[in-house]
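Each reported figure results from applying straightforward, stated rules to the coordinates on display, with no laboratory input. Please read these numbers as outputs of a predicted model, since none were measured by experiment. Neighbour counts are summed over all protein chains in view; Cβ atoms, including those assigned to glycine, are modelled from backbone coordinates with ideal geometry.
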Amino acid sequence: PVSSLRILIKAAGVTMSLTAVCLIGILTASASAAPFAKANPKPCDAPRQWESNAFFLNLETGLGDYARISYDEDNKRIRALLTSAGGRFKRKIDVIMLFQENRFYFVFEKEKECKSTKALFDFKPAGVPPTATFVRSFVLGMGNNSVSTNTFGIATTVPKHDDVFRTNESPLTHHHHHHHHHHFGHVHTSVMTVTDDTCAPVSRLIYEGDLLKNPDEGEFLLAMSQHSDISAGIASAKVFEPPDYCK
């Protein structure tokens, strides 16, 4: 049912926002849920350290961000160098998420500004959780350049963006439209695709409703992410160090 969904895209005004940061929490992380019927292939653990180029799109707001992601499960930290993919705010935001220290840093290098908050969500591993349901397998690319991938679905609760953005600690409240996020905070279906051999992230879609229980309901696609150019390990741990003017 997931592959035949009618995708309704509701585009709104495009302004730079940190909804992408919340989406990174959702779109690079797995979720916990009640067990479903098991099927092959099996859920898998992602590599514990990797870097990628990624694209995040929030279809409720029409906001998109390109990102350079550094993911470090061993030390529970994620770095995302975000560049807005449209809109009036062409700012680059370097987001450093240090979960063990319970601090997020938002670095605006051009302006030499830095804002810090407590962690806006919990760290969750990037792999496919053991309770996820197998949806289908497919091949990306062609011929000798093809890659086998597996897609899984799982019901999850998406964090309420409003809870994040209405806090006094949020660095970009003034760029944010509160009313766009009425879908968040309810049960959603996370549809994640990973490579068959290494369980590396390929893409993730967040749909409204529990599509596994009610395939004909909640066909609204809320958000998506895709990863490319993934490399194992962290090239330089310096990406996780906030600049001096953050201190």
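Numbers for the structure displayed
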read-out	value
Alpha-carbon centroid distance for the pair the range 204-240 / the range 81-140, whole angstrom	12 Å
Förster radius 41 Å - calculated FRET efficiency between Lys238 and Ser146, Cβ distance, rounded to 0.05	0.70
Contour excess over end-to-end distance, with Cα ends at Asn214 and Lys42 and 0.36 nm allotted per residue	59.7 nm
Span per principal axis, largest first, for the Cα atoms of the range 194-247 (Å)	51, 34, 16
Descending principal axes extents, the range 68-129, alpha-carbon based, whole Å	37, 24, 16
